[in-house]
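For reference, the structure is listed below as structure tokens.
The values are calculated or read from the model by the stated rules, or taken from the named source; none is laboratory data. None of these values were measured; they are calculated from a predicted model. Positions of Cβ are generated from backbone atoms using ideal geometry, with glycine treated the same way; all protein chains shown enter the neighbour counts. For the accessible areas, the whole protein counts, side chains as well, though only heavy atoms, and no ligand, DNA or RNA atoms are used. Shrake-Rupley method; radii C 1.70, N 1.55, O 1.52, S 1.80 Å.
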Amino acid sequence: MLGLSHRNRKYFYSIFSHPVSRVMKSELFIKYFKLIDKRDSVLDYGSGDGPYKEMLKHYFEHYVAADYQVTNAHHSVRPDIFIDDNQNVNVDDESFSCVVISEVLEHVYRPHEALQEINRVLSPNGFVIGTVPFFMWEHEKPYDFHRYTYFGLKRMFEDNGFEIVKLDYVGDIVGVSTYGFSKLLGNFIKPIRKIKPLHFVLKTIISIPSILYYFLVKVKFIKSFFMKYFGEYPFGFVFVLRKSV
Ligand SMILES: C[S@@+](CC[C@H](N)C(=O)[O-])C[C@H]1O[C@@H](n2cnc3c(N)ncnc32)[C@H](O)[C@@H]1O
């Protein structure tokens with residue numbers, strides 16, 4: 001996953017080149033990111049290819065990327081520091097005012113350990129902001145361990161010393177269906193991926209339902225009705241937490 005694009009200080013993923021689930025989660029992530037007023041230092045926990053790196057470096061004085069070595073090997077960007085097998089990072093207590101954890105918790109076999117470590121490195125009243133999938137195929141195999149519900153996340157965050165500022169569903173059954181549909185058809189066109197122009201055209205065609213869904217949500221045509229009744233089938237969640245004091 002490449003980094004966010006940006007134009008006039010606006011950071012975004014294009015719906016025409018990224019999965020709708022990622023685009024919608026990151027839009028809410030960026031919206032909530034603006035709520036965070038403590039902008040000294042940020043730890044990107046499970047940084048991967050660092051899609052938010054440029055944005056975080058723009059807003060924070062100090063940016064540190066941390067990743068788990070084994071799984072990071074499959075990414076194209078190396079972190080500043082590694083996370084060890086017990087989920088620890090070699091930094092002082094309370095040394096960051098913000099921790100970003102984007103699409104990582106599903107890969108952590110013992111998520112409570114990760115949350116305790118994040119709590120340790122956060123300064124008092126520091127923030128955590130992140131995303132996690134709910135509807136997502138197994139990925140980064142075999143390091144894909146969990147799918148969390150709203151209630152599982154809430155309890156896990158509170159049990160590990162965080163107050164919930166935001167915890168929101170992203171997407172609904174319509175979005176998940178359009179996305180599943182394009183993934184399904186995507187499998188059929190895999191054999192022709194070397195014929196690039198044809199593959200591109202077909203890929204675009206099968207993404208149309210997802211793209212249409214995205215724009216219908218944007219103009220609030222879908223959201224109010226479907227989220228009300230079918231919000232329990234989300235792409236995933238976006239959360240903002242504050243370290244409880
Ligand atoms: C789907 S990628 C997300 C990367 C990046 N944060 C993003 O938003 O694109 C999952 C990330 O989790 C990391 N990861 C896997 N196991 C981990 C663990 N036990 N502790 C911390 N990070 C882990 C991987 O190395 C990878 O960077």
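What are the pairs, 6+ residues apart or on separate chains, where a residue within the range 68-85 that is in contact (Cβ under 8 Å) with a residue 24 or more places away in the chain and within 15 Å of residue 114 (Cβ to Cβ) has its Cβ under 6 Å from a residue that is within 7 Å of the ligand (Cβ to nearest atom) and among the β-branched types (Val, Ile, Thr)?
68/83
So if I check each of 39, 110, which one is within 11 Å of the ligand (Cβ to nearest atom) and more than 18 Å from the chain's Cα centre (by Cα)?
Details: 39 fails: within 11 Å of the ligand (Cβ to nearest atom).
Criteria check complete, one pass: 110.
Conditions tested, residue by residue: (1) touching a residue at least 24 places away in the same chain (Cβ under 8 Å); (2) more than 19 Å from residue 17 (Cβ to Cβ).
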residue	(1), (2)
146	yes, yes
155	no, yes
162	yes, yes
185	no, no
196	no, no
210	yes, no
228	no, yes
231	yes, yes
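Look through the range 162-192, keep the residues that are under 23 Å from residue 139 (Cβ atoms) and among the aromatic types (Phe, Trp, Tyr), and return whichever of them is nearest to the chain's Cα centre (by Cα).
169
Counting only residues that are charged (D, E, K, R) and within 9 Å of the ligand (Cβ to nearest atom), which one in the range 87-107 is nearest to the chain's Cα centre (by Cα)?
Step by step, filter the range 87-107, then rank; the result is 103.
Looking at the range 70-83 only, could you name the residues that are more than 9 Å from the ligand (Cβ to nearest atom) and over 19 Å from the mean Cα position of the chain (by Cα)?
Answer for the range 70-83, where residues must be more than 9 Å from the ligand (Cβ to nearest atom) and over 19 Å from the mean Cα position of the chain (by Cα): 80, 81, 82.
Look through 94, 103, 138 and report the one residue that is closer than 17 Å to residue 242 by Cα and open to solvent by 10 Å² or more (accessible area, probe 1.4 Å).
94
Hey, among the residues in the range 141-175 that are surrounded by 21 or more Cβ atoms within 10 Å (Cβ to Cβ) and of a type outside the set (A, V, I, L, M, F, W, C), which one's nearest to residue 209 (Cα to Cα)?
Step by step, filter the range 141-175, then rank; the result is 175.
Would you call residue 245 open to solvent by 20 Å² or more (accessible area, probe 1.4 Å) and not in a helix (DSSP H, G or I)?
When the stated conditions are applied, residue 245 passes them.
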